[in-house]
1. Using the basic label-point model (7 angstrom from Cα toward the beta carbon), what is the residue 51 to residue 159 distance in nanometres?
2. Would you tally the net charge around residue 252, using a Cβ to Cβ cut-off of less than 14 Å, leaving residue 252 out, and scoring K and R as +1, D and E as -1?
3. If you keep only loop residues by DSSP, which chymotrypsin sites (Phe, Trp or Tyr not before Pro) in segment 106-188 have at most 10 other Cβ atoms within 10 Å of their Cβ?
4. At 7 Å along the Cα-to-beta-carbon direction for both residue 34 and residue 270, put a label point, then send me their distance in nm to one decimal.
5. What number in nm² do you get for segment 132-288 if you take the convex hull of its Cα atoms and divide its surface by four?
6. Loop-only check: which GluC sites (Glu not before Pro) in segment 125-165 are DSSP coil with at most 10 other Cβ within 10 angstrom?
7. Give 70/123; 70/190; 123/240; 80/167; 80/240 a once-over and call out the pairs whose C-alpha atoms are over 21 Å from each other.
8. Please work out the Kirkwood hydrodynamic radius for segment 65-215, using every pair of different C-alpha atoms, and report it in angstroms with one decimal place.
Amino acid sequence: MKTIQFNISVFILAISLFLAAGCSKKDAPAPDDTKKGVFSIEFDNIVGDETLGFDTRAYRNAKGETFRIKILRYYISNIKLYKADGSEYVVPQEKSYFFIEGSDKATRFAKVEVPEGDYNKVKFIIGVDSARSTMPTEARQGVLSFNPEEGHDGMYWGWNQGYIFFKLEGYCDAISDDQQGDPTGNKQFKYHIGGYGGYNPKAPTLNNIKEISMDLNQAGIAQVREGLRSNVHLFVDVMKVFNGPYTFSIVQHPNVMFSEFSQNIANNFTSLFTHDHTENFVKSESEL
């Protein structure tokens, strides 16, 4: 009797594996690069090992300073995808600008259409490239627009004619009330990071454009197929702004904008992003 039960169990297991293999093969047809599917990058903002919260939620950096966050905003642009053979697909630039608003989860996706394929690497820029920054303002549409109803939402320096790539503002009670801190007494810190190199290549200015490269092999390649969506889920650790390769004190540097020190913060950007997983063959955004 035990032998019969064992054989039945083995038979059921074999059938289950066969069916699973069949479903897997059906769910992942060979890619056809004449067709297109939806590819997205999800920017899931966190602070250290905690979820991102605003105003009342407190965090502590490597310098032991407790801080709270008021604003988190940044631009993502110039998305490129790569296959294992090294071939590259560059998303058309006019469709490759995205504005991530930390307080609005609806903005967390950078979503584009790309040819079907299995992609094992993605690159993007945190910021806005020099070519777009020097175009006539009427050529800058969508999230780069100067239309207040759809555009940059204060992510632009009018005096410097350039976009703010990354904006982080908040409070730290250790900040002094003098000119080196916050003379308003509100204990605020502000990090507005930008700089695209300027209009004149012969006399370049500050350039904080950073390209981020994400290897997808370990946590799941993106399998893009027509009629479905592949979503690369990234964690964006805001704590790395302070605790990245360059570690600094909020109290010593409470306000950083268009200055040489901003390069230290920009150099930390590459450490913000971690690939957590990839969701393939997604039929609707509700599944994400």
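Bear in mind that the values in this text are calculations on the coordinates, not laboratory data. Bear in mind that the values here come from a model prediction, so they are computed numbers and not experimental data. Here Cβ is always computed from backbone atoms with ideal geometry, including for glycine, and neighbour counts include all displayed protein chains.
1. Spacing of the two 7 Å Cα→Cβ label points: 3.9 nm.
2. -2
3. Passing sites in segment 106-188 are 159.
4. Using points 7 Å along Cα→Cβ, the separation is 4.1 nm.
5. 13.0
6. Passing both the DSSP loop test and the Cβ count: 149.
7. Over 21 Å Cα-Cα: 70/123; 80/167; 80/240.
8. So the Kirkwood estimate lands at 17.3 Å.
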